[in-house]
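Student: Pasting in a structure now, in C-alpha cells, and then I'll have a few things to ask.
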Amino acid sequence: MLAAISSPSPSHPFASAAVSTIICADCLKHTRTKLANLSTLPVPSSYAFSRFRSRSAPALLPVEASLADIHVRYTKLITFRSNPLHCRHLATPRPSFTTSPALVSSVDDLFGFICSGPLLKRLGLTAEKVANGIDKWLLYGGYLCRLFGMSELILTPSEKEGFTISTSLFFLWCEEQIHRHVSQVGGAEEGPTPLMIGVSAPQGSGKTTLVFALEYLFRQSGRNAATLSIDDFYLTAEEQLRGNAGSHDLQLSVKTLTALKGLTKAGMKMKLPRYDKSAYGGRGDRADPSTWPEVEGPLSVILFEGWMLGFKPIPGNAVKAVDPQLEVINKNLEAYYDAWDKFVDAWIIIKIKDPNNVYRWRLQAEVAMREDGKPGMSDEEVMDFVSRYLPAYKAYLPTLYSEGPQGLDKERLVLVEIDEERNPLPEE
C-alpha cells in the first residue's frame with residue numbers, strides 16, 4: 001500500500017524545500033513514530049546550564065525555540081527522506097529548493113555533509129550506517145540545538161560541524177563502545193560496571209563542551225551518565241594552586257573513581273567532587289562539598305576529561321631537553337596511571353598541532369566567564385597561567401599522540417586532530 005506525503009509549503013516559515021513523494025505504508029508508520037518521539041524533546045534544566053557554566057565553558061544562549069518549531073522542521077526532513085532510506089525499491093525524490101537564505105535545507109545536505117566530513121572514517125562509521133540511522137541524526141541535532149540555544153533552521157558550517165555533526169559522531173562511537181563493554185563484562189547479578197571514557201585534550205580545545213553535550217545525549221537516550229574532570233581532583237587552594245602533575249589529590253581520585261565504577265544498582269548514590277575555577281579571582285579552588293552533585297546508579301557511562309589525562313613519564317634526557325624543571329613533574333606522573341588511567345576503558349584524544357593556541361583558547365574562556373558575571377583572570381594572568389603548562393604539553397603530547405596512554409587498547413581509541421578554530425581535520 002502506498003501513501004502520498006507532502007512537505008510543508010515553501011511559504012511556510014520553517015520550510016526550505018517543497019517536495020512530494022510516494023512512500024509505502026510501513027515507511028509512513030515509521031516516520032510518524034519518529035515524529036511522535038521528536039514531539040517529546042525535553043528542555044535542558046536550569047541546573048544543567050548552571051553546572052556547565054560553573055566549569056567556565058563558553059556561555060550558553062537562552063533556550064527559546066519552541067518544540068513546535070523543531071517538530072515542523074523535522075516533519076519535512078524525515079518525510080523527505082523516508083522513501084530512499086526505508087523504501088529502497090522506490091525512486092529517490094528530488095527537492096525543489098526555494099531561493100531563501102542558506103538553510104539546513106534537506107537530509108540530502110545533511111547526509112552529504114556527514115559523509116564528506118573528516119570524522120566518519122576516524123570513528124569507524126560508514127555511509128551506509130549514516131543512511132540507516134538518519135532519523136537519529138535529526139533527533140540528535142534537535143537535542144543539541146535545544147541544548148545550546150542555536151537555531152536548528154539556520155546553521156553555519158562551523159555550527160553544523162562543531163555542535164551537531166561532530167558531537168553526534170562522537171556520541172555514536174561512544175554508544176558502540178558501551179555495547180562492546182557490556183558484551184565483554186557479561187550480565188553479572190549486580191549489573192555491568194559502567195564504561196569509563198577518557199577525553200584528553202588541551203585547555204580550551206572544547207573538551208568540556210563535548211563532554212557536557214555527550215552527557216546530555218546519553219540522558220536523552222535513556223542512559224545514566226556521570227561526568228568528572230581532572231580539575232575536580234586538584235588539591236585545595238590552601239594546599240596548592242592547580243597546575244601540573246603533583247597538584248592533585250590522588251587519594252580522592254582513586255576513592256571517587258572506584259566508587260563510581262561500583263554504581264551498578266538502583267538506589268546506590270554518591271556525590272561527585274567539583275572544582276570552582278572562578279574562585280580566588282579565577283585561580284580556582286575545590287567547591288564546597290555541600291554543592292557537589294549527586295549521582296545514582298546504575299550508571300551506564302562515566303565521562304572523565306582533562307588536559308593531561310593519559311600523560312605518562314618519558315625518559316629523563318627527553319625531559320631535560322624540553323625543560324629541566326619538568327623532572328619533578330615527570331617523577332610525579334609515575335603515580336597517575338594507578339590513580340586515573342587504569343580506570344579508563346576507552347579514549348577520545350583531541351590532537352593539536354600548536355600548543356600555543358591554548359593561550360587564545362584560554363583567554364576566550366576567561367572572557368566568557370567574565371561576561372557571565374563571574375570573576376576571571378586578566379589577559380596578563382592568563383599568559384602567566386598558561387605558560388606553566390606549555391613545557392608539559394611540549395614534553396608529553398608527542399608521546400600521547402604516537403603511543404597513546406599506558407595500558408591502551410588501540411581498538412578503543414579515537415584520535416582526532418583539530419585546527420586553531422577547533423574544527424576537525426581530515427586524516428593525512
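The values are calculated or read from the model by the stated rules, or taken from the named source; none is laboratory data. Remember, predicted model here, so these are calculated numbers, not experimental data. FYI the Cβ positions are ideal-geometry reconstructions off the backbone, even for glycines, and counts take in every protein chain you see. Please note that ligands, DNA and RNA were not included when accessible areas were found on the heavy atoms of the full protein model with its side chains. Shrake-Rupley method; radii C 1.70, N 1.55, O 1.52, S 1.80 Å.
Student: Taking every pair of alpha-carbon atoms in segment 188-418, what share in percent sits in each 5 Å bin, from 0 to the bin with the longest distance?
Tutor: Bins of 5 Å from zero give 1, 6, 13, 18, 21, 18, 13, 7, 3, 1, 0, 0 percent of pairs.
Student: I would also like to ask the following. Among DSSP beta bridges lying fully in segment 188-418, give the percent that are antiparallel, nearest 5.
Tutor: 20 percent
Student: In addition: Using the structure shown, list the pairs from K342/K410; K353/K374; K129/K207; K207/K342; K121/K410; K277/K331 with a Cα-Cα distance above 22 Å, or answer none.
Tutor: Where the Cα-Cα span goes over 22 Å, the pairs concerned are K353/K374; K129/K207; K277/K331.
Student: Additional query: Before I look further, what does segment 254-374 give for accessible area per residue, probe 1.4 Å, in whole square angstrom?
Tutor: Here the per-residue accessible area is 44 Å².
Student: Another question, then. Which percent of the accessible area of segment 188-418 is formed by carbon and sulfur heavy atoms (probe 1.4 angstrom)?
Tutor: C and S fraction of accessible area: 49 percent.
Student: Once each part is reduced to its C-alpha centroid, what is the distance from segment 255-269 to segment 324-362 in angstrom?
Tutor: 26 Å
Student: Next question, about the same structure. What does the extension gain come out to for D338 and K136, with contour length at 0.36 nm per residue minus their alpha carbon separation? Present the calculation step by step, with values, prior to reporting the outcome.
Tutor: Values: separation 202, 0.36 × 202 = 72.72 nm, distance 3.77 nm.
Gain on extension, D338 to K136, equals 69.0 nm.
Student: Could you sort 298-308, 119-129 so that the peptide with the highest average Cβ count within 10 Å comes first and the rest follow in order?
Tutor: Working: 298-308: 22.5, 119-129: 14.8.
Peptide ranking by packing, descending: 298-308, 119-129.
Student: Another question about this same structure. Among residues other than E381 whose Cβ falls under 9 Å from its Cβ, what is the net charge (Lys/Arg +1, Asp/Glu -1)?
Tutor: For residues surrounding E381, the net value is -3.
Student: Next question, about the same structure. Run the paramagnetic zone check for L425: 7 angstrom along Cα to Cβ, then residues of segment 339-370 with backbone nitrogen under 14 Å.
Tutor: What the label zone holds, given the 14 Å backbone N cut-off, is 350-358.
Student: Mind checking the full-extension length gain between S116 and E380? Use 0.36 nm per residue of separation minus the Cα-Cα distance, one decimal, nm. Mind dumping the intermediate values first?
Tutor: On the way: separation 264, 0.36 × 264 = 95.04 nm, distance 4.08 nm.
Taking 0.36 nm per residue and subtracting the Cα distance, the gain is 91.0 nm.
Student: Hey, rough spin-label estimate for K331 and E294, points 7 angstrom out along Cα→Cβ, what's it come to in nanometres?
Tutor: It is 4.3 nm.
Student: Work out how much length A321 to E238 would gain on full extension: take 0.36 nm times their residue separation and subtract the Cα-Cα distance, in nm to one decimal.
Tutor: On the way: separation 83, 0.36 × 83 = 29.88 nm, distance 3.25 nm.
That pair, A321 and E238, stretches by 26.6 nm at full extension.
Student: About the Cα centre, and with charges only on the beta carbon of Lys, Arg (+1) and Asp, Glu (-1), how big is the dipole of segment 188-418? Nearest 20 debye, please.
Tutor: Numbers: 27 positive and 32 negative charges, 66 e Å.
So the magnitude is around 320 debye.
Student: Treat each spin label as a single point 7 Å out from the Cα along the C-beta direction, and report the E128 to K261 distance in nm.
Tutor: Once both label points are built, they end up 3.7 nm from each other.
Student: Under a no-solvent Debye model with one identical scatterer per Cα of segment 313-428, what's log10 I(q)/I(0) at q = 0.21 Å⁻¹?
Tutor: -1.25
Student: Once amide H atoms are placed 1.01 Å from N in the peptide plane, what residues at a sequence separation of 5 or more from T227, or on another chain, have their amide H within under 5 Å of its amide H?
Tutor: Answer set, sorted by chain and number: L303.
Student: Take K269 and Q406, extend 7 Å from each Cα along the Cα→Cβ direction, and tell me the distance between the two endpoints in nm.
Tutor: So the label points at K269 and Q406 sit 3.7 nm apart.
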